[in-house]
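Derivation of every value follows stated rules applied to the coordinates shown; laboratory data play no part. Since we're looking at a predicted model, the values are computed, not measured. Counting neighbours? That spans all protein chains shown, and the Cβs are built from the backbone with ideal geometry, glycine included.
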Amino acid sequence: MDERQFNFRRMHYEGAEGALIPLLQKAQEEMGYIPIEAIQMIYERTGIPPSEIYGVATFYAQFRLKPVGKYIVRVCHGTACHVANAKSITDAICDTLNIASGETTPDRLFTIETVSCLGCCSLAPVIMINEQTFGNLTTSSVKKVIKRYMKENGK
Amino acid sequence: MTRAIVGLSTCGVAAGAEAVLATLKERVDAQTLDLQVGFTGCIGMCYREPLVEIRTDSGERFIYGPMNEKRIDRLLSQHIQEGKPIEEWLVWTNNGLGSDREFLNHQVRIVLRNCGLINPESISDYIAQEGYKAIQKALKELTPDALIGIMIDSGLRGRGGAGFPTGMKWRFTRLSAGPRKFIICNADEGDPGAFMDRSVLEGDPHSVLEGMLIAGYAIGAHEGYIYVRAEYPKAIERLKIAIRQAEEKGFLGNNVFGADFSFGIKIKEGAGAFVCGEETALMKSIEGKRGMPRIRPPFPAVKGLWDSPTSINNVETFANVPWIVTNGAAAFSHYGTERSKGTKVFALAGKINRGGLVEVPMGVTIRDIVYNICSGIKDNRRFKAVQIGGPSGGCVPIQLQDTIIDYDSISRTGAIMGSGGMVVMDETTCMVDVARFFLDFTQRESCGKCTFCRIGTRRMLEILTRITEGKGELGDLDLLDDLAQKIKDNSLCGLGQTAPNPVLTTLKYFRGEYEAHILSRKCPAHHCTALIIFSVIAALCDGCTACARICPVKCISGTKGEVHVIHQNLCTKCGECYRVCPRDAILKD
Ligand SMILES: Cc1cc2nc3c(=O)[nH]c(=O)nc-3n(C[C@H](O)[C@H](O)[C@H](O)COP(=O)(O)O)c2cc1C
Ligand code: FES
C-alpha cells in the first residue's frame, strides 16, 4: 500500500473518531438489522475493512445480521428476573408465538430475544417490547400482553 | 400553586405511570383545578410505583402509591379540594406519616439528593437545588490542585466496583502529560440486578454532567464521553436533553461560565457487551473496535482513550462530586467507616418486600438494609442469602447479616461491593442454580481473549449444569475449586478474575446444598426440575380433576371423585398441578 493511501485511511479513521459503532447502530435503526450491503457502504465511507466491520458487528450482542420482526420482545434473564422465574415467562411467550427464543415469527411481526437486565429489577420478571417495558409479569399476564400486540396488528 | 408530581422513570412507566399522568392532566384541565401537574425521576420506591406526590407551596410533601387511573378522582376531590390527605394510600410524608416512611427516613441521600424531587428535564429545577454552584465555586475559588486535594480528603472511592480513590485517580491523570485528555463517565451498568446508575441518569442527569465538568477542570481535560448502555433509552433521552440545555446556557462549551476553561460532552451508546464496563474494553468500544480489555499498566490515567490520559469514573461517583465541592470534604467523610467514606446506593431486588433504591451511609449492616429499610422477605419466607456485586460478587448468607457495609468488610465475605446490586434470596432459591446462572452469564460475556476465562468458565458451567441435573459426582466440587483458583489467578481482566466468586462463596457457605444435589440427588430448595418429583398424596386427593385439567402435557389420569395419578415418564415438572390443587394434595419433593 503506498503511503498516501495509508494516510488517507488513517485520516478517515481519526476523523470519524470511533464512528463505526454509531454507524452500525444507525444502519440497524433504519433497517432493523445489518445487511451485507450496509457493511459495504460503511467500508466505502470510512475505509475500515469489511472484515473489521464484521468483527465488530459480531462482537456486540446488539447487532443482528438477520432481519427481525416489527416487535422485538426482550425477555430479561438478569439475576432478579432469574430468581423470579424468568424462564417460565420465556416459555409462555415462546408458546404463544410458537417460536423459540432468538427466532422471528414467519409473519415477521415478533422476534424473541433474551437480555441480561433491563434495569427494572424491582419489578421482576420484566420484558421490553421495542421501547416499552412491562413488569411484575406472570405467565398469564405476559400472554395477554403478547396477544394485545397480535390483535393490534390484525392477528 | 400546589403541585401533583408523577414519578416517570423506567420502573414507574412500566408500572403504568404514563396513564396516571395523562388522567391527572385530563381531570385537572376538565375541572379547572388550581393544581400544577408535573413529573420527576425515580423516588426509589420502585415496589410502590406508580407514585404521585402532592407538594404544597409551603413545602409539605405527600407521596401516594401505588396509584392508578381509578384512584385519581378521589385523590383530587379529597386531598386537593377538601384538603384531607388519604391516609390509607400514603406511603411517605415529610411530617412523619405514611405506611412506608421508614424506607425513606432511614436513608441519607447525597447521590440521590435530587432524584424524585426535581424535574430531570428542567435545568432550572436543578439550578434551584444549588445546581451548577459547585463548578462555579471550583472555577472561581479553587485551583485544580486544591480541588483534587478536596476529593482526596473527602475519601470518595470509585463506585463502579473496584473502589479506587477518586482524587488519586484524578491526580495521576492531571500529572500525565498530553495535549489532549479525556473524562469518561462509565454508565454501562452491566451488573444484572443493579439499576442505580439508570435511576441517577433518569432522575438527575445534570448532577453527572456537573461532576464531569469538575473532573475536567481538575484534570485539564476538555472532552468528556458518557458511555451508556443502549438498554436504557430513557436515560439516554434525558441525558441528551440535559446536555442540550447546559450547552444553551453556556455551562458546556467554550469558556464555561466565562472562565478560561472549555468542556464538551458526547454520548456513546453501548452495544450490549458486559465486558465493555471494564475500563480498557470500554475505551476500545468508544474507539469503534471490539471491546476487548488489555493488560494494565499502562493505566488509562497514562494511556487511555486514543492513547491519551483519561480518567474514567462511574455515574454514582460523578454524582457525589458536586455535593462534595459544595459542602466540603469533611461533610462527606463525616459519614462512613475508617476506609469507606460517604454513602452508597444499593439496588434492592429479589425476594424482598420493598425493592428499590436505598442510599445509606457506609457502615450500616446488611440486616439494617434488609429488615429496617426494606421490611424483610416477601411472603414471610426465610431470608437465606443476599447476592452482592453481581457476576463478580458473591452470596452472603444469613449468618453474616450483621456484616457492615464497606469495601473491606464485604470483600472479607468473599463477595465484593461491586456497583451495589443486592439480590435477596429466600429458601426457595437454589444456590447451586444461582452459581450456575452467574457462570452461564460470565461464560457468555467472556470476550474470549484469554484462555482461562474463555475455556475455564465454560468448564465450570458444564460441571454446575451437570450438578443441577442430578448427574454430579463428589469429585466435581474439588474440580470446581481448583478451576476457580486458576481462573482467578490467570485471567487478564476483572471479568475472569472475579467470575469464580459466585461459585466460591456458594461452595463456602452452602456446601450442603451442593452435596444434596450430588449425593442424594435432591434439590433442597425444590428448584432444579430434574431433581423434583410431583406426586399425588392419595389420602388428600378428592378427585376434583383440577390438576388433570390444567396439566399441559395431559400426564395426570383419574376419573372424577377418585384419586389421580401423575405419570412420571411424561411429566415436564411445570408445577401447574401443585399450584392449582385446592386441597394441597400434590407433593413436591
Ligand atoms: C467485567 C467488568 C465490568 C465492569 N462494569 C462496570 C460498569 O458497568 N460500570 C462501572 O462503572 N464500572 C464497571 N467496571 C469497573 C471499571 O473497570 C472501572 O473500574 C470503573 O468504571 C472506574 O470508575 P470508579 O473509579 O468511579 O469506580 C467493570 C469492571 C469489570 C472488570
Ligand atoms: S434482572 Fe431483570 S430487570 Fe434487572
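Considering only the protein assembly as shown, what is the antiparallel percent among its DSSP beta bridges, to the nearest 5? Working shown, then result.
On the way: 43 of 75 bridges.
Given both bridge residues lie in the protein assembly as shown, the antiparallel proportion sits at roughly 55 percent.
Give me the dipole magnitude in Debye, nearest 20, for chain A about the Cα centre, with unit charges on the beta carbon: positive for Lys and Arg, negative for Asp and Glu.
Working: 17 positive and 16 negative charges, 140 e Å.
Here chain A has a charge dipole of around 680 debye.
Since only B:V386, B:Y514, B:P297 are under comparison, the one whose Cα sits farthest along the positive direction of the charge dipole of the protein assembly as shown, derived from C-beta charges on Lys, Arg, Asp and Glu, is B:Y514. For the protein assembly as shown, the 222 nm mean residue ellipticity estimated from helices alone, with every DSSP H stretch of n ≥ 4 adding -39500 (n - 2.57) and the total spread over all residues, rounds to -11500 deg cm²/dmol.
Each listed q (0.17, 0.24, 0.33 Å⁻¹) maps to a log10 I(q)/I(0) for region B:276-317 from the Debye sum over equal C-alpha point scatterers, namely -0.40, -0.77, -1.22.
In terms of Cα atoms, the Rg and Dmax of the protein assembly as shown work out to 26.6, 89 Å.
Report for chain A the percent antiparallel among DSSP-assigned beta bridges with both residues inside it, nearest 5. Please report the intermediate quantities before stating the final value.
Values: 7 of 13 bridges.
Of all bridge pairs located within chain A, approximately 55 percent are antiparallel.
Amide H to amide H, with H built 1.01 Å from N, B:T343 comes under 5 Å of B:M362, counting only residues 5 or more places away or on other chains.
Taking amide H positions as modeled 1.01 Å from N, with prolines and chain starts lacking one, the residues under 5 Å from B:I226 and 5 or more places away or on another chain are B:C185, B:K266, B:I267, B:K268.
Between A:S101, A:S51, A:S116, the Gaussian network model of chain A with springs among Cα atoms under 10 angstrom shows the greatest mean-square fluctuation at A:S51. Average 1/r across all pairs of distinct alpha carbons in region B:123-333, invert it, and you get the Kirkwood radius: 16.8 Å.
With Cα atoms as the point set, region B:532-589 shows a radius of gyration and Dmax of 9.7, 27 Å. When the square roots of the Cα gyration tensor eigenvalues are ordered a ≥ b ≥ c, the ratio a/c for region B:498-575 is 1.5 or more and a/b exceeds b/c, which makes its shape prolate. Using only the Cα atoms of region B:376-484, build the gyration tensor, take square roots of its eigenvalues as a ≥ b ≥ c, and label the shape rounded, prolate or oblate: rounded if a/c is under 1.5, else prolate if a/b is larger than b/c, else oblate. Note, shape of region B:376-484 comes out oblate.
Karplus-derived 3J(HN,Hα) values for region B:476-489, using 6.51 cos²θ - 1.76 cosθ + 1.60 with θ = phi - 60°, are 4, 5, 5, 4, 4, 4, 5, 4, 4, 4, 5, 5, 4, 6 Hz; glycine and proline are entered as x.
For the residues A:Y60, A:Y43, A:Y71, a GNM of chain A with alpha-carbon springs under 10 Å puts the largest fluctuation on A:Y60. If you look at the Cα atoms of region B:2-98, you get an Rg and a Dmax of 12.0, 33 Å. Counting 0.36 nm for each residue step from B:I455 to B:I398 and taking away their Cα separation leaves a gain of 17.2 nm.
Annotation: amide H-H contacts under 5 Å for B:I312 (H modelled 1.01 Å from N, sequence separation of 5 or more, or interchain): B:I184.
Helix A:50-59 and the longest principal axis of the C-alpha atoms of chain A enclose an angle of approximately 30°. For region B:431-520, rounded, prolate or oblate, judged on the Cα gyration tensor with a ≥ b ≥ c (square roots of eigenvalues), a/c < 1.5 rounded, else prolate if a/b > b/c? Judged from the Cα gyration tensor, region B:431-520 comes out prolate (a/c at least 1.5, a/b above b/c).
State the volume of the convex hull built on the alpha-carbon positions of region B:320-408, expressed per residue in Å³ and rounded to an integer.
Working: hull volume 9.5 nm³, N = 89.
Residue-normalised Cα hull volume stands at 107 Å³.
Bridgeable lysines around B:K268 (alpha carbons under 18 Å apart, same-chain partners fewer than 8 residues away excluded): A:K26, B:K181, B:K234, B:K240, B:K284, B:K289.
Among DSSP beta bridges lying fully in chain B, give the percent that are antiparallel, nearest 5.
On the way: 36 of 62 bridges.
Of the beta bridges lying entirely in chain B, close to 60 percent run antiparallel.
Among A:P22, A:P106, A:P67, the largest mean-square fluctuation in a Gaussian network model of chain A, built with springs joining Cα atoms closer than 10 Å, belongs to A:P22. For A:K144, the aspartates and glutamates whose Cα comes closer than 17 Å to its Cα, not counting residues fewer than 8 places off in the same chain, are A:D91, A:D95, A:E152.
In sequence order, region B:69-80 has phi-based couplings of 4, 5, 7, 5, 4, 5, 4, 5, 6, 6, 7, 6 Hz under the Karplus curve 6.51 cos²θ - 1.76 cosθ + 1.60, θ = phi - 60°, and Gly or Pro positions carry x.
Listed values for region B:17-22 are Karplus-derived 3J(HN,Hα) couplings in whole Hz (6.51 cos²θ - 1.76 cosθ + 1.60, θ = phi - 60°), namely 5, 5, 5, 4, 4, 4, and x replaces Gly and Pro.
The distance from the alpha carbon centre of region B:197-240 to that of region B:524-579 is 53 Å, rounded to a whole number. Remark: chain A projects, on average over all directions, an area of 10.5 nm² (convex hull of Cα atoms). If you take the alpha carbon atoms of chain B and fit the smallest convex hull around them, that volume is 171 Å³ per residue. The alpha-carbon of B:K554 sits under 23 angstrom from the alpha-carbons of these lysines, leaving out residues fewer than 8 places away in its chain: A:K87, A:K143, B:K573, B:K588.
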